[in-house]
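Remarks on the structure that follows.
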Amino acid sequence: MDALLTSLAGLGPFVLYFAMSIIMLLLFKWLYVLITPYDEWRLIKEDQNLAAAIALVGAFVGFSLAVASAAANSVSLLDFAVWGIVALVAQLLAFAIVRLVFLPKVAERINDGQVSAGAVVGGLSVAVGLLNAACITY
């Protein structure tokens, strides 16, 4: 019984960190959709646009990797929140740089349903998320 109580002692912090993670993911989703020049939800729901789905899922996974690292390495809930916001900004900046510098027509290609463009954006989002996650260790 003591082992069970000892294990459950971490339930409060788990709930706080998990809730903060979900809030950050929702904030990321809202901001990501805001900065993209196309409406992912419409493209996915109405047009069944696989390119948009791949790009969006990659963005979510990439950001989640960074948030997971922030949660695992933070020393407090405030520390976690700060590094979660840093991760959010880094992920959004990475998308903006890819879109504006390296692949200026990627938004139009995703809007047109070109799966290769969605795969590139999704893959780059995951790659940036991995780098982001590695940099949030200290």
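The values are calculated or read from the model by the stated rules, or taken from the named source; none is laboratory data. All of these numbers come straight from a predicted model, not from anything done at the bench. Cβ placement follows ideal geometry from the backbone for every residue including glycine, while neighbour counts extend to all protein chains displayed. These accessible areas exclude ligands, DNA and RNA; they are computed on the full protein's heavy atoms, side chains included. Shrake-Rupley method; radii C 1.70, N 1.55, O 1.52, S 1.80 Å.
Descriptive notes on the structure:
- Applying the set (1) surrounded by fewer than 15 Cβ atoms within 10 Å (Cβ to Cβ); (2) in a loop (DSSP other than H, G, I, E, B) to residue 19 leaves exactly one unmet item: (2).
- Filtered residue count, the range 95-106, keeping only those that are buried (at least 18 other Cβ atoms within 10 Å of the Cβ) and either without any contact (Cβ under 8 Å) to a residue 40 or more places away in the chain or in contact with a helix residue (DSSP H, G or I) (Cβ under 6 Å, 6 or more places away or on another chain) (or both): 2
- Qualifying residue in the range 47-70 (condition: out of contact with any Asp or Glu (no Cβ under 7 Å at 6 or more places or on another chain), outside any loop (DSSP other than H, G, I, E, B), open to solvent by 70 Å² or more (accessible area, probe 1.4 Å) and without any contact (Cβ under 8 Å) to a residue 12 or more places away in the chain): no
- Whichever residue in the range 109-122 is open to solvent by less than 40 Å² (accessible area, probe 1.4 Å) and over 11 Å from the mean Cα position of the chain (by Cα) and, among such residues, is farthest from residue 64 (Cα to Cα): 113
- Checked against the criterion of being under 13 Å from the mean Cα position of the chain (by Cα), crowded, with 17+ Cβ neighbours inside 10 Å, more than 14 Å from residue 118 (Cα to Cα) and in contact (Cβ under 8 Å) with a residue 60 or more places away in the chain, the range 72-83 has no qualifying residue.
- Residues in the range 84-94 that are touching a helix residue (DSSP H, G or I) at 6+ places or on another chain (Cβ under 7 Å) and either surrounded by fewer than 22 Cβ atoms within 10 Å (Cβ to Cβ) or among the acidic types (Asp, Glu) (or both): 88, 90, 92, 94.
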